[in-house]
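Data block below; observations after.
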Amino acid sequence: MSKIVILTGAGISAESGIGTFRDENGLWAQHRIEDVATPEGFARDPDLVHAFYNARREQAAAALPNAAHIALAHLQARHRGEVVIVTQNVDGLHEKGGATKVWHMHGTVDGALCAACAHRWRAPLEMHRTTVCPSCQAAAARPDIVWFGEMPYDMEQIYTHLSEAELFAAIGTSSQVYPAAAFVHEALAAGAHTTELNLEPSAMVSAFAEARFGPASKLVPIWVDQVLSQR
Ligand SMILES: [Zn+2]
């Protein structure tokens, strides 16, 4: 059975109102990346970092999946082979849209991680520097988010999936952050057909066999229908 691997980035959630650090307005605009998205920033000012992710958690909890998330869940349900969704997003919208198995390479805003014992649990809506780990009781809770300078999650399994892909699609990702930017090369080495679906050409567009440009909520449902009719 043919395996489809899909990488999604911020562009798929933009129409659901989730901002990114590349936006000129919104949540990220008031902060520097090194202050709120690095382990050093967290060590310097945990109150600021918790407040930042508390706001992002609240935003994600209120956000609704759009037609692109729902179309990918439909593909996962209908395709006779495996459909592997790998996301750089931390918002949980794939699951809200009905996707069953999603690889969260950058963690999730719904997760808490103990910096003392590495225990993971579901984050409360608000975390603070006094939030206690339910396993070791240390006041060392941090967001279960992969920050700049940290190793993305599940890379071994993701590379294995890429090496078995017959079709690889990158959706709404600017392809400026490694290792995700290089996934297309892994898929090409496996002999996969490669497609980019993006608002505008990414930094990696020339590596893809095919590219389509426009909003994800328009492009993705059409692409999914085509994939399902061909395979
Ligand atoms: Zn702990």
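The values are calculated or read from the model by the stated rules, or taken from the named source; none is laboratory data. Predicted model only: the values in this text are computed from it and were never measured. Because the Cβ atoms are built from the backbone with ideal geometry, glycine has one as well, and the counts that use them run over all protein chains shown. Calculation scope for accessible area: heavy atoms of the full protein, side chains included, ligands and nucleic acids excluded. Shrake-Rupley method; radii C 1.70, N 1.55, O 1.52, S 1.80 Å.
Starting at the first residue of the range 182-189, write each ³J(HN,Hα) from the Karplus equation 6.51 cos²θ - 1.76 cosθ + 1.60 with θ = phi - 60°, in whole Hz, x for Gly and Pro.
9, 4, 4, 5, 4, 5, 4, 4
Take the solvent-accessible surface of the protein heavy atoms, probe 1.4 Å, and return the percent of it on the chain that carbon and sulfur atoms account for. Don't jump to the answer; show the numbers that get you there.
Working: 5670 of 10710 Å².
Result for the chain: 53 percent of the exposed heavy-atom area is carbon or sulfur.
Give me the angle, in degrees from 0 to 90, between the Cα long axis of helix 216-230 and the longest principal axis of the Cα atoms of the chain, rounded to the nearest 10.
50 degrees
Tell me the relative contact order for the chain as a rounded percent, counting alpha carbon contacts under 8 Å between residues six or more apart. The partial results should precede the final answer.
Details: 461 pairs, mean separation 53.8, N = 231.
It comes to 23 percent, rounded to a whole number.
Using a 1.4 angstrom probe and counting only protein chains, how large is the accessible area of TRP121 in Å², to 10?
For TRP121, the solvent-accessible surface is approximately 50 Å².
Would you tell me the accessible area of TYR159, worked out with a 1.4 angstrom probe on the heavy atoms of the protein chains, in Å² to the nearest 10?
80 Å²
Using each residue's phi in the range 117-128, evaluate 6.51 cos²θ - 1.76 cosθ + 1.60 at θ = phi - 60° and report the 3J(HN,Hα) Karplus result to the nearest Hz, with x for Gly and Pro.
10, 6, 5, 10, 8, 6, 5, x, 4, 10, 10, 9
Run the 1.4 Å probe and let me know the accessible area of ARG32, rounded to the nearest 10 Å².
Here the residue's solvent-accessible area equals roughly 130 Å².
Accessible area per residue, 1.4 Å probe, Å², for the chain: what's the number?
Numbers: 10710 Å² over 231 residues.
Averaged over the residues of the chain, the accessible area is 46 Å².
Based on DSSP, what percent of beta bridges with both residues in the chain are antiparallel, to the nearest 5?
25 percent
Please list, ordered by chain and number, the residues whose modelled amide H lies under 5 Å from the amide H of HIS193; skip anything fewer than 5 residues away on the same chain.
LEU167, PHE168
If amide H atoms are built 1.01 Å from N in the plane of the peptide, which residues on other chains or at least 5 residues away come under 5 Å of the amide H of VAL84?
ILE4, VAL5, ILE6
Rounded to the nearest 500 deg cm²/dmol, what is the calculated helix-only ellipticity per residue at 222 nm for the chain, with -39500 (n - 2.57) per DSSP H run of length n ≥ 4?
When only DSSP H runs of four or more count, the value is -9500 deg cm²/dmol.
Considering only protein heavy atoms, with the full assembly of protein chains and a 1.4 angstrom probe, order THR160, THR8 by accessible area, largest first. Write down the numbers at each step before the final one.
On the way: THR160 65, THR8 0 Å².
Largest accessible area first, the list is THR160, THR8.
How much space per residue, in cubic angstrom, does the convex hull of the C-alpha atoms of the chain take up?
Working: hull volume 26.9 nm³, N = 231.
Here the figure is 117 Å³ per residue.
Just to confirm the number: angle between the C-alpha axis of helix 46-62 and the first principal axis of the chain, 0 to 90 degrees, nearest 10?
40 degrees
Could you list the chymotrypsin sites (Phe, Trp or Tyr not before Pro) in the range 1-91 that lie in coil according to DSSP, counting only those with at most 16 other Cβ atoms within 10 Å of their Cβ?
Numbers: sites: PHE21, TRP28, PHE42, PHE52, TYR53; in loops: PHE21.
Sites meeting the loop and neighbour criteria: PHE21.
May I ask for the angle, rounded to the nearest 10°, between helix 67-78 and the longest principal axis of the chain, with both axes built from Cα atoms and the value confined to 0 to 90°?
70 degrees
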